[in-house]
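Reviewing the structure listed below.
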Amino acid sequence: MILKNLMKQNNIAVSLTAPKRLQEAKNLAKRLQLELIMDPKTATKTYDYLLLLTRDYLGLQKVADKKCVPFYLDFSSRKMLHRLKRATLRNELVARAIGFHPRTHPVIVDATAGLGRDSLILASLGFKVILLERSPIIHALLQDALNRCSLPYIHHLHLIYANAIDWLKKLSHDGGPDVIYIDPMFLERNKSASVKKEMVVLQNLIGKDEDAKELFYMALACAKYRVVVKRHRLAANIVERAPNFSLNGKINRFDIYIT
Ligand SMILES: C[S@@+](CC[C@H](N)C(=O)[O-])C[C@H]1O[C@@H](n2cnc3c(N)ncnc32)[C@H](O)[C@@H]1O
């Protein structure tokens, strides 16, 4: 159902530039129920994007813009490594928002995994995180990045393809995670020139997460200790209820709801 909705909005096919990866491309196309186009150059404009298996990564190529390098996730990019190197439990607001020391081994669920950056920061600081992602395309890109990543703490991240609302619903009454982190997609920042390339890709693929409030209430019902909501610094609260407290950064704010 989710898959069908996504395919309605975006016409996507699987293709490859590395012949050696043909079997992987076939498997991916079968799993995502997408057409496999053997030669990306022959993709017509009936497709918006190609999910492209290259020699080195799985990328997303805009068909109308084939000259552009495909979008792919790289946890070892210079920018990311720079941030990871500087990250501490004090200076990363996302870590402070979690409210536990990694030594105490809290069970953390990132219910909106997206491009996995927030969870990667948490992993680098010693937390273990279960990531949930419902977009099959984003999930595939993220899984590929996790598979390629050689950072020592990458195994702290466990990615699951699921709608977090359904996944949380199935947890037994006292089996909820200690902390649930949510960062749903809102489009308020769409017009801003500062919207980064990754966010544009996410917004084009996914649009707004219309059921963010439902996810929030489900998280509130399931989390043992707290729900953390990431919002743009100036955005309204996710629901009318005010958070117990917030941590404010230059761009974002983390609203903490104690359960
Ligand atoms: C803004 S992005 C999250 C970015 C992420 N925090 C990061 O650091 O890269 C939101 C993501 O959450 C996913 N998402 C939204 N609602 C979800 C749900 N109910 N279950 C699973 N994934 C969800 C969307 O598909 C999207 O990929």
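The values are calculated or read from the model by the stated rules, or taken from the named source; none is laboratory data. Computed from a prediction, not measured in an experiment: that's the story for all the values here. Counting neighbours? That spans all protein chains shown, and the Cβs are built from the backbone with ideal geometry, glycine included.
For the stretch 16-47, enumerate the residues that are crowded, with 16+ Cβ neighbours inside 10 Å, out of contact with any Ser or Thr (no Cβ under 8 Å at 6 or more places or on another chain) and in a loop (DSSP other than H, G, I, E, B). Those that are crowded, with 16+ Cβ neighbours inside 10 Å, out of contact with any Ser or Thr (no Cβ under 8 Å at 6 or more places or on another chain) and in a loop (DSSP other than H, G, I, E, B): Leu34, Tyr47.
A quick yes/no check of all residues on (1) at pLDDT below 95; (2) charged (D, E, K, R); (3) over 14 Å from Pro177 (Cβ atoms):
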{"residue": "Leu93", "(1), (2), (3)": "no, no, yes"}
{"residue": "His101", "(1), (2), (3)": "no, no, yes"}
{"residue": "Pro106", "(1), (2), (3)": "no, no, no"}
{"residue": "Asp110", "(1), (2), (3)": "no, yes, no"}
{"residue": "Asp118", "(1), (2), (3)": "no, yes, yes"}
{"residue": "Leu122", "(1), (2), (3)": "no, no, no"}
{"residue": "Phe127", "(1), (2), (3)": "no, no, no"}
{"residue": "Ile130", "(1), (2), (3)": "no, no, no"}
{"residue": "Leu142", "(1), (2), (3)": "no, no, yes"}
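Of all the criteria given as (1) more than 8 Å from the ligand (Cβ to nearest atom); (2) in contact (Cβ under 8 Å) with a residue 24 or more places away in the chain; (3) farther than 17 Å from Phe75 by Cα, the one not satisfied by Ala111 is (1). For the stretch 69-82, check the following and say yes or no: at least one residue is at pLDDT below 95, surrounded by 17 or more Cβ atoms within 10 Å (Cβ to Cβ) and over 23 Å from Leu151 (Cβ atoms). Checked the stretch 69-82: no residue is at pLDDT below 95, surrounded by 17 or more Cβ atoms within 10 Å (Cβ to Cβ) and over 23 Å from Leu151 (Cβ atoms).
Restricting attention to the stretch 67-86, the residues being outside any helix (DSSP H, G or I) and closer than 30 Å to Ala223 by Cβ number 2. A single member of Pro184, Pro177 is more than 13 Å from the ligand (Cβ to nearest atom) and under 24 Å from Val239 (Cβ atoms), and it is Pro177.
Of all the numbered requirements in (1) more than 14 Å from the ligand (Cβ to nearest atom); (2) within 30 Å of Arg78 (Cβ to Cβ); (3) among the charged types (D, E, K, R); (4) surrounded by 12 or more Cβ atoms within 10 Å (Cβ to Cβ), Lys224 misses one, and that requirement is (2). Of all the criteria given as (1) within 13 Å of the ligand (Cβ to nearest atom); (2) in the same structural domain as Glu210 (by TED's automatic domain parsing), the one not satisfied by Leu73 is (2).
Among the listed residues Leu89, Leu51, which satisfies the condition of being outside any helix (DSSP H, G or I) and outside the structural domain of Leu32 (by TED's automatic domain parsing)? Talk me through it step by step, then tell me what you get.
Values: Leu51 fails: outside the structural domain of Leu32 (by TED's automatic domain parsing).
Sole residue among the options that is outside any helix (DSSP H, G or I) and outside the structural domain of Leu32 (by TED's automatic domain parsing): Leu89.
Of Tyr161, Tyr181, all but one fail to be among the aromatic types (Phe, Trp, Tyr) and surrounded by fewer than 24 Cβ atoms within 10 Å (Cβ to Cβ); the exception is Tyr161.
The sole residue among Leu205, Leu215, Leu171 that is crowded, with 20+ Cβ neighbours inside 10 Å and at pLDDT below 95 is Leu205. Of all residues in the stretch 204-221, those being away from the ligand (no atom under 11 Å from the Cβ) and small (Gly, Ala, Ser) number 1. Taking every residue in the stretch 116-136 that is within 6 Å of the ligand (Cβ to nearest atom) and pairing it with any residue that is of a type in the set (A, V, I, L, M) and part of a strand (DSSP E or B), at least 6 positions away or on another chain, the pairs with Cβ-Cβ distances below 6 Å are Leu132/Ile160.
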